[in-house]
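Asker: Below you'll find the structure I mean.
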Amino acid sequence: MPNDIAYSRKLGPLTPLVGEWEGDVGVDLSYHNKDDWTTETTYFEKASFKPIPMQENGQQTLWGLNYSMTAWRHGEEAMDPFHDEIGFLLWDKVHGEVMRTVVFGRGIAILAGSSAKPDDKVLTFDAAPGQPCYGILQNKYLLERAEIRDFKSNFTINDDGTLSYTSDLMLKLAATGAEMHHTDRNTLRRVKRYHPSAENG
């Protein structure tokens, strides 16, 4: 790319995310259907955020990143991951919005978003089922067994350069008849830069 600094300005608040990251302090709070209990699982995680070409929707211009996040339970790093997601993070400068499109391997797709400014260090992404803009889809089995009622997440760039995130799914569980929060949180450190000069933009 001929001008990484100019490109980084196009990415707005997504700029600090570019690169590859690892985090070893992940905590997943979820319901385990086989054991009929809710418990915490700690995990190690790898994430990558790579710039994509500019997207034009008529008069709308979007700049963004494609990303992936994969997690392994502690002690199972040499085995299959227990969580995998892919998606896009998008920045609409004119309308002051960030968006997160995410697909989970379990058969869930979410488009979430909120307002943001170019220098924001905390980005929030909200979605709810049935919404025409920022909504949630899930496969038939999950809808019947663990209906998603709400989705909230945020990415935070900390003063020390680390990346922290939280993710919260409000679920209605058929097994218990109650609602519960399925939450994930982790803090990651960058282990590889794709465009070192972009940090100066």
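The values are calculated or read from the model by the stated rules, or taken from the named source; none is laboratory data. All of these numbers come straight from a predicted model, not from anything done at the bench. As a convention, Cβ positions derive from the backbone with ideal geometry for all residues, glycine included, and neighbour counts pool all protein chains shown. The protein model used for the area step is the full one, side chains on, heavy atoms only, and it has no ligands, DNA or RNA in it. Shrake-Rupley method; radii C 1.70, N 1.55, O 1.52, S 1.80 Å.
Asker: Report ³J(HN,Hα) in whole Hz for each residue of segment 175-181, in order, from the Karplus equation J = 6.51 cos²θ - 1.76 cosθ + 1.60 where θ = phi - 60°; Gly and Pro get x.
Answerer: 5, 10, x, 10, 8, 8, 9
Asker: Given the options LYS140, LYS172, LYS117, which has the most mean-square fluctuation in a GNM of the chain, springs set between C-alpha atoms less than 10 angstrom apart?
Answerer: LYS140
Asker: Give me the distance in nm between label points sitting 7 Å out from Cα along the Cα-to-Cβ direction at ASN158 and GLU179, one decimal.
Answerer: 3.1 nm
Asker: For SER68, which sequence-distant residues (separation of 5 or more, or a different chain) have an amide H within less than 5 Å of its own amide H, given hydrogens modelled in the peptide plane?
Answerer: Hits under the 5 Å cutoff: SER48.
Asker: With every protein chain present, what is the per residue accessible area of the chain (1.4 Å probe, Å²)?
Answerer: 55 Å²
Asker: At what distance in nm do the modelled label points of MET170 and LYS46 sit from each other, each positioned 7 Å from its Cα along Cα→Cβ?
Answerer: Inter-label distance under the simple model: 3.6 nm.
Asker: In addition: Which whole-Hz couplings ³J(HN,Hα) result when phi for each residue of segment 133-150 is put into the Karplus expression 6.51 cos²θ - 1.76 cosθ + 1.60, θ = phi - 60°, listed in order with x for Gly and Pro?
Answerer: Calculated HN-Hα couplings, in order: 9, 10, x, 9, 10, 8, 5, 4, 4, 5, 4, 7, 9, 8, 5, 7, 9, 6 Hz.
Asker: Roughly to the nearest percent, how much of the accessible area of segment 97-173 is carbon and sulfur, given a 1.4 Å probe? Kindly include the intermediate steps, with their values, before the conclusion.
Answerer: Details: 2200 of 3970 Å².
Its accessible area is 55 percent carbon and sulfur atoms.
Asker: Here's something else I'd like to know. Can you flag which of LYS117/LYS192; LYS93/LYS172; LYS140/LYS192; LYS50/LYS152; LYS10/LYS46; LYS117/LYS152 are past 28 Å Cα-Cα?
Answerer: Beyond 28 Å: LYS93/LYS172; LYS140/LYS192.
Asker: If you don't mind, another one. Rounding to the nearest 20 debye, state how big the charge dipole of the chain is about its Cα centre with +1 on each Lys and Arg Cβ and -1 on each Asp and Glu Cβ.
Answerer: Taking the Cα centre of the chain as origin, the dipole is about 520 debye.
Asker: Give the long-range amide H neighbours of GLU97: residues separated by 5 or more places, or on another chain, with amide H under 5 Å away, using H modelled in the peptide plane at 1.01 Å from N.
Answerer: Those qualifying (amide H under 5 Å, at least 5 residues apart or on another chain) are ASP92, ALA116.
Asker: At 7 Å along Cα-to-Cβ for each site, give me the label-to-label distance between VAL94 and ASP24 in nm.
Answerer: Result for the modelled spin labels: 4.7 nm.
Asker: Residue by residue, what Karplus-based ³J(HN,Hα) values in Hz, rounded to whole numbers, does segment 90-102 have, using 6.51, -1.76 and 1.60 with θ = phi - 60° and x for Gly and Pro?
Answerer: 10, 10, 10, 5, 4, 9, x, 10, 10, 9, 10, 9, 9
Asker: Suppose R0 equals 35 Å; then what is the FRET efficiency for LEU142 and TYR194 from their Cβ-Cβ distance, rounded to the nearest 0.05?
Answerer: On the way: r = 34 Å, r/R0 = 0.98.
Working from the Cβ atoms, E equals 0.50.
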